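Working notes, beginning with the structure itself.
The values are calculated or read from the model by the stated rules, or taken from the named source; none is laboratory data. Because the structure is predicted, anything quoted here is derived from the model rather than measured. Heads up, the Cβs are rebuilt from the backbone with ideal geometry, glycines too, and the neighbour counts pull from every protein chain shown.
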Amino acid sequence: MSVKIISKTCTGPVNIAVIKYWGKRDEKLILPINASLSGTLDQQQLRAKTTVAASAGFTKDRMWLNGQEQSLDNPRLQNVLKEIRRRARKRKSGCEDDLDMLTWRVHICSENNFPTAAGLASSAAGLACLVFSLSKLFNVDGDISDIARQGSGSACRSVYGGFVEWEMGKEKDGSDSVARQVASENHWPEMRVLILVVSADKKHVGSTAGMQTSVKTSPLLKHRAEKIVPERMQAMIEAIQKKDFESFADLTMKDSNQFHSVCLDTYPPISYMTDISHKIVRMVHAINAHFKKSVLAYTFDAGPNACLYLLEDHVPLVLGFINHFFPYDVNNEQYIRGLLSEPQKPEQKLLNDIPINPQPVGALQYIIHTKVGPGPQLLEEEHSLLDVSGMPTSLINA
Ligand code: DP6
């Protein structure tokens with residue numbers, strides 16, 4: 001007789017911060033030195049998908065990521081698993097089967113629908129999706145953002161859709177350092193996002209290590225966390241609530257610039273933005289100058305890719321500008337991915353007025369056109385990434 005396997009399959013979104021998280025006050029619990037705020041992106045274009053299964057027949061916890069087995073011997077993952085089980089036990093939710101289940105080992109299988117190497121926030125999507133899937137498996141209800149936070153700080157914001165705030169909290173145990181939805185994905189349906197994937201071969205400092213050095217050495221980060229972010233958070237929440245795009249855009253760009261200034265203020269300095277990233281910044285300001293107001297906002301995380309927030313109406317013309325300054329190989333049918341929109345070529349006179357030289361073909365790898373979307377989703381069993389014996393349905397041999 002085969003041993004019973006219980007499983008759940010879910011998807012989880014990427015989020016892109018407009019007020020950045022950078023710096024921890026507690027490394028183990030992952031408690032930040034400032035609040036942050038992000039937009040959750042639509043899972044049609046970017047998502048992690050995870051199946052978690054539990055069975056009395058499994059001999060140990062195992063995990064496969066994008067087709068390859070990974071070690072679970074990682075303190076963050078262990079904390080997440082421990083916390084889910086602790087909460088399930090505490091809530092005594094469900095039937096006896098559930099309590100039994102808490103002693104069973106788990107198999108985890110996860111994959112992204114976008115290249116991990118593209119340097120997009122894949123860990124946030126992956127960790128949020130894992131915690132959400134485990135919460136469904138073990139019948140843990142209520143807020144789970146504090147558990148996702150212990151997997152990777154920014155992952156706590158991917159637990160909700162729309163615009164999400166991560167409150168820094170004051171408690172030592174981290175119980176009040178949780179994510180909260182500021183506005184749902186339906187509040188500002190015109191909001192669009194263009195991700196400009198910048199070609200980069202250089203390895204950069206990972207965010208965990210980078211922020212540690214910044215906390216130790218950057219006086220600007222201290223000032224930012226104490227003075228700038230609290231004011232900016234308030235203004236940002238107000239801009240979102242009022243759907244005031246100009247304020248939203250100005251705050252987003254200023255916060256990205258300050259985050260990268262903190263990186264340069266770190267000793268030794270960290271630089272994530274490349275020459276191409278800086279050219280994108282100049283292009284965005286030139287477009288905004290043309291419109292005589294901010295219609296486009298850039299933000300950069302711990303890498304060279306640009307994430308542009310804009311309203312639907314401006315997408316065709318902005319794509320036209322991007323195609324002019326960052327031309328692409330016409331044979332590359334995959335250059336613009338995601339939502340459909342026909343680029344509109346700007347008038348030549350306008351282009352001549354902008355003092356930026358068009359870049360060689362290939363400066364950008366591709367563009368993802370997406371929008372703000374909902375939080376993690378539970379899928380039907382047929383979407384499982386694990387087969388009836390609890391092994392991945394597709395494996396890549398190492
Ligand atoms: C620049 O959440 O990846 O994207 O908590 O150490 O896992 P850990 O760091 P992580 O940091 C993300 C930093 C950021 C800004 C942001 O998303 O707010």
task: Please work out if K222 is assigned by TED's automatic domain parsing to the domain that holds L364 and modelled with pLDDT of 95 or more.
output: yes
task: Just give me the residues in the stretch 3-20 being out of contact with any helix residue (DSSP H, G or I) (no Cβ under 8 Å at 6 or more places or on another chain), assigned to a strand (DSSP E or B) and either farther than 12 Å from C307 by Cα or without any contact (Cβ under 8 Å) to a residue 24 or more places away in the chain (or both), in sequence order.
output: I5
Residue tally, condition within 30 Å of V205 (Cβ to Cβ) and surrounded by 19 or more Cβ atoms within 10 Å (Cβ to Cβ), over the stretch 295-329: 18
Pairs, first assigned by TED's automatic domain parsing to the domain that holds K20 and crowded, with 21+ Cβ neighbours inside 10 Å in the stretch 100-127, second modelled with pLDDT under 85 and of a type in the set (A, V, I, L, M, F, W, C), C-beta under 7 Å, six or more apart: L120/F114
Residue tally, condition within 16 Å of the ligand (Cβ to nearest atom), in a loop (DSSP other than H, G, I, E, B) and among the hydrophobic types (A, V, I, L, M, F, W, C), over the stretch 21-59: 6
- request: Find the residue count for the stretch 350-383, including only residues that are surrounded by fewer than 19 Cβ atoms within 10 Å (Cβ to Cβ) and either hydroxyl-bearing (S, T, Y) or in a loop (DSSP other than H, G, I, E, B) (or both).
  value: 12
- prompt: Can we say L296 is over 22 Å from F114 (Cα atoms) and of a type in the set (A, V, I, L, M, F, W, C)?
  reply: yes
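Listed here are the residues, each with its yes/no results for (1) assigned to a loop (DSSP other than H, G, I, E, B); (2) within 19 Å of L41 (Cβ to Cβ); (3) more than 22 Å from the chain's Cα centre (by Cα); (4) among the charged types (D, E, K, R).
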| position | (1), (2), (3), (4) |
| --- | --- |
| H290 | no, no, yes, no |
| A302 | yes, yes, no, no |
| G320 | no, no, yes, no |
| N323 | no, no, yes, no |
| Q344 | yes, no, yes, no |
query: Do we have any residue at all in the stretch 202-211 that's assigned by TED's automatic domain parsing to the domain that holds I276 and in contact with an Asp or Glu (Cβ under 6 Å, 6 or more places away or on another chain)?
result: no
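One line per residue, one yes/no per condition, for (1) among the hydroxyl-bearing types (S, T, Y); (2) more than 14 Å from the ligand (Cβ to nearest atom); (3) in contact with a strand residue (DSSP E or B) (Cβ under 9 Å, 6 or more places away or on another chain):
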position: S199; (1), (2), (3): yes, yes, yes
position: A225; (1), (2), (3): no, no, yes
position: I228; (1), (2), (3): no, yes, no
position: R232; (1), (2), (3): no, no, yes
- request: Tell me, please, whether a residue that is modelled with pLDDT of 95 or more, crowded, with 22+ Cβ neighbours inside 10 Å, farther than 30 Å from G338 by Cα and not assigned by TED's automatic domain parsing to the domain that holds L264 can be found in the stretch 173-190.
  value: yes
field: Selection from the stretch 149-166 of residues that are free of Cβ contacts under 8 Å to residues at least 40 places away in the same chain and out of contact with any Ser or Thr (no Cβ under 6 Å at 6 or more places or on another chain)
entry: A155
- request: Considering each of G390, G338 in turn, give the residue that is modelled with pLDDT of 90 or more, farther than 22 Å from R192 by Cβ and surrounded by 17 or more Cβ atoms within 10 Å (Cβ to Cβ).
  value: G390
- prompt: Of all the residues that make up the stretch 139-154, how many are closer than 15 Å to K20 by Cβ and in a helix (DSSP H, G or I)?
  reply: 2
